[in-house]
Amino acid sequence: MFKQKKKLQIVEDELRPVQQLIPIESQEMILNQLYQFTELEHLYESAIHEVKTKLEILDSEFKTKYDYNPIHHIEDRLKSPRSIMEKLQRKGKPFNSENARAMLNDIAGVRVICNYIEDIYAVAEFLTKQDDVTLLKTKDYIKSPKPNGYRSLHLVIQTPVFLSDGKELVNVEVQIRTIAMDFWASLEHQLKYKTDSEVSAELAQQLKDCAETIAATDIKMQSIYQTLKEID
């Protein structure tokens, strides 16, 4: 609560130097929208925390029961107001918090990095069968990779967030992938979006070839792990 009030105060402070240049009606509208997005940010941050806590508990349970952690690590991200605005514009929708909640499923994102392919599906199953989690959408880019070679399991889930004035159901995108898949995706993203040059057809093919090599390595590593488990 105090953190949220502090954010609202920052919003007002940033607007104050230009208040005289903006009509009063517009000031109220702008402040109202900023307040709404501050509340929206808090809601989705809370949803991320809820999902991460569920995943951490699952991972801890596996460690206790089987002396094995299926999750290597967890990352999260919250889509910025600018990214939300750009995505709504592409959909032809006005920029406001209502449209953001109704039209976008990836404002809150959690990325789960697993050791092996079988861990991905195990984590997905245990997460989605919890009675307060609703699975809204699944995209399996492991069984059906994207044309560029990208692999990952994408879930859109709905989870409750309990606030002082009631319960909110919030959508969170969960991406689950292996360490190798994440390594490829991170470098591919950097090459495509962090450089000024166009990615040629030849380079795109090389990236896809790397994805195929990494996928084959994932399968081999899982096979080796299974063999070692049987020996034990």
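The values are calculated or read from the model by the stated rules, or taken from the named source; none is laboratory data. Computed from a predicted model, the values in this text were never measured in an experiment. Heads up, the Cβs are rebuilt from the backbone with ideal geometry, glycines too, and the neighbour counts pull from every protein chain shown.
Checked against (1) out of contact with any helix residue (DSSP H, G or I) (no Cβ under 8 Å at 6 or more places or on another chain); (2) over 19 Å from Val161 (Cβ atoms), Cys114 passes all but condition (1).
Out of the range 32-62, which residues are at pLDDT 95 or above and of a type in the set (Ser, Thr, Tyr)? Residues satisfying the conditions are Tyr44, Ser46, Thr53, Ser60.
Mind checking which residues of the range 127-157 are surrounded by fewer than 17 Cβ atoms within 10 Å (Cβ to Cβ), within 20 Å of Phe62 (Cβ to Cβ) and either small (Gly, Ala, Ser) or touching a residue at least 60 places away in the same chain (Cβ under 8 Å) (or both)? Matches in the range 127-157: Gln130 only. Listed by first and then second residue, the pairs with beta-carbon distance under 8 Å, at least 6 apart or on different chains, first residue in the range 106-121 and under 23 Å from Asn171 (Cα atoms), second buried (at least 24 other Cβ atoms within 10 Å of the Cβ) and basic (Lys, Arg), are Arg111/Arg177; Val112/Arg177; Ile113/Arg177; Cys114/Arg177; Ile120/Arg177. Of all residues in the range 60-91, which are over 17 Å from the mean Cα position of the chain (by Cα), under 18 Å from Glu41 (Cβ atoms) and polar (S, T, N, Q)? If the condition is that a residue be over 17 Å from the mean Cα position of the chain (by Cα), under 18 Å from Glu41 (Cβ atoms) and polar (S, T, N, Q), then no residue fits.
Within the range 76-102, residues that are closer than 28 Å to Thr53 by Cβ have Cβ atoms under 7 Å from residues that are of a type in the set (Gly, Ala, Ser) and not in a loop (DSSP other than H, G, I, E, B) in these pairs: Asp76/Gly109; Arg77/Gly109; Leu78/Ala108; Ile84/Ala100, counting only partners at least 6 apart in sequence or on another chain.
So in the range 158-167, with the set limited to residues that are free of Cβ contacts under 8 Å to residues at least 60 places away in the same chain and in a strand (DSSP E or B), which one is nearest to Lys129 (Cα to Cα)? Steps first, please.
From the range 158-167, those free of Cβ contacts under 8 Å to residues at least 60 places away in the same chain are 158, 162, 165-167; that's our starting set.
Imposing the further condition that a residue be in a strand (DSSP E or B) reduces the set to 158, 162, 166-167.
Working: Gln158: 12, Phe162: 20, Gly166: 24, Lys167: 20 Å.
My answer is Gln158.
Tell me the residue from Leu127, Leu155 that is among the hydrophobic types (A, V, I, L, M, F, W, C), part of a strand (DSSP E or B) and farther than 21 Å from Glu41 by Cβ, please. One residue alone meets the criteria, Leu155. When the range 141-166 is filtered for residues that are closer than 22 Å to Lys79 by Cα and not hydroxyl-bearing (Ser, Thr, Tyr), the ones remaining, listed by number, are Arg151, Leu153, His154, Leu155, Val156, Ile157, Gln158, Pro160, Val161, Phe162, Leu163. Condition first: of a type in the set (D, E, K, R), buried (at least 18 other Cβ atoms within 10 Å of the Cβ) and within 27 Å of Asn99 (Cβ to Cβ). Can you find one or more residues in the range 188-195 that meet it? No, the conditions are met nowhere in the range 188-195. Criterion applied to Leu169, Leu203 was being over 22 Å from Ile57 (Cβ atoms) and aliphatic (A, V, I, L, M), and the one residue passing it is Leu203.
Please verify whether the range 176-183 includes one or more residues that are touching an Asp or Glu at 6+ places or on another chain (Cβ under 9 Å), surrounded by 15 or more Cβ atoms within 10 Å (Cβ to Cβ) and free of Cβ contacts under 8 Å to residues at least 60 places away in the same chain. Checking the range 176-183: at least one residue is touching an Asp or Glu at 6+ places or on another chain (Cβ under 9 Å), surrounded by 15 or more Cβ atoms within 10 Å (Cβ to Cβ) and free of Cβ contacts under 8 Å to residues at least 60 places away in the same chain.
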